[in-house]
1. When you check Tyr52 against the structure, is it in contact (Cβ under 8 Å) with a residue 60 or more places away in the chain and surrounded by fewer than 19 Cβ atoms within 10 Å (Cβ to Cβ), yes or no?
2. Looking at this structure, is Ala109 of a type in the set (A, V, I, L, M, F, W, C) and either modelled with pLDDT of 95 or more or touching a Leu at 6+ places or on another chain (Cβ under 9 Å) (or both)?
3. Could you list, in sequence order, the residues of segment 114-136 that are surrounded by fewer than 14 Cβ atoms within 10 Å (Cβ to Cβ) and under 14 Å from Val76 (Cβ atoms)?
4. Among the residues of segment 114-132, how many are touching a residue at least 40 places away in the same chain (Cβ under 8 Å) and not in a strand (DSSP E or B)?
5. Taking Val80 as the residue in question, decide whether it is surrounded by 17 or more Cβ atoms within 10 Å (Cβ to Cβ) and at pLDDT below 95.
6. For segment 20-49, enumerate the residues that are buried (at least 17 other Cβ atoms within 10 Å of the Cβ) and of a type in the set (Ser, Thr, Tyr).
Amino acid sequence: MTHDIQFLQIKTDSAPKTSLNAKGGVSYALLKDSESTEAYFCLLANEGGGGYFSREAVPFSAIQRCLTGINAERPVPAKVFRKVFVGRSVNNAGFLVHALRHEGLLQPAPDAAHQHVLGDGWDDWKAKLLAQPGEPFELPDAKKDDSGQAAQSPVEQPTVSSKKDKKPKKTDTAGLADGDADPTGDENACAA
């Protein structure tokens, strides 16, 4: 479990959202462990929006495993990264993609700016991040309130539709058509 890891914060930044109708950005932290062996992304805030997301440390190695078997000729859909999160918010993968693009690890697809293609230098990016000094960082979910008790993070509530025959809303349009299979072909490809 990542809560046993001593995290060091390398930087915080804000990535602009790339979805067609999105406004604002996504704040995130780049972290590493105290041994400088693993890098992490941690989503911090949804600027200009009210959608839920998970504030957890996502190992960079798990993100990289999600790309195993991806066709570099096709756009990378955000949903490829869903499995790296313990939390199940539909926003997690898309928000992570915004941070990955801001870091240069993903690039805009030539035919559609809201879709993504692999950038170069993933291993070099990780090596540079791990070489930087960091400051101690406590995950937002693990912070204590004024009484010294662990603070409760908001629980994501499912949306309940009042119409029984209403079709589910499509939440991820980043490159896969309805019914496309997981491009990794492996249910656990991204598991940490």
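The values are calculated or read from the model by the stated rules, or taken from the named source; none is laboratory data. Please read these numbers as outputs of a predicted model, since none were measured by experiment. We place every Cβ from the backbone using ideal geometry, glycine too, and count neighbours over all the protein chains shown.
1. Working: in contact (Cβ under 8 Å) with a residue 60 or more places away in the chain: yes; surrounded by fewer than 19 Cβ atoms within 10 Å (Cβ to Cβ): yes.
Considered against the rule, which asks whether it is in contact (Cβ under 8 Å) with a residue 60 or more places away in the chain and surrounded by fewer than 19 Cβ atoms within 10 Å (Cβ to Cβ), Tyr52 comes out as yes.
2. Working: of a type in the set (A, V, I, L, M, F, W, C): yes; either modelled with pLDDT of 95 or more or touching a Leu at 6+ places or on another chain (Cβ under 9 Å) (or both): no.
Spelling it out, it is not the case that Ala109 is of a type in the set (A, V, I, L, M, F, W, C) and either modelled with pLDDT of 95 or more or touching a Leu at 6+ places or on another chain (Cβ under 9 Å) (or both).
3. Initial filter on segment 114-136 (surrounded by fewer than 14 Cβ atoms within 10 Å (Cβ to Cβ)): 120-121, 123-124, 127-128, 131-133, 135-136.
Asp120, the sole residue that qualifies.
4. Restricting attention to segment 114-132, the residues satisfying the condition of being touching a residue at least 40 places away in the same chain (Cβ under 8 Å) are 114-118, 122, 126, 129-132.
Among the residues that remain, those that are also not in a strand (DSSP E or B) are: 122, 126, 129-132.
Adding up the residues that qualify gives 6.
5. On the way: surrounded by 17 or more Cβ atoms within 10 Å (Cβ to Cβ): yes; at pLDDT below 95: yes.
Considered against the rule, which asks whether it is surrounded by 17 or more Cβ atoms within 10 Å (Cβ to Cβ) and at pLDDT below 95, Val80 comes out as yes.
6. Ser27, Tyr28, Tyr40
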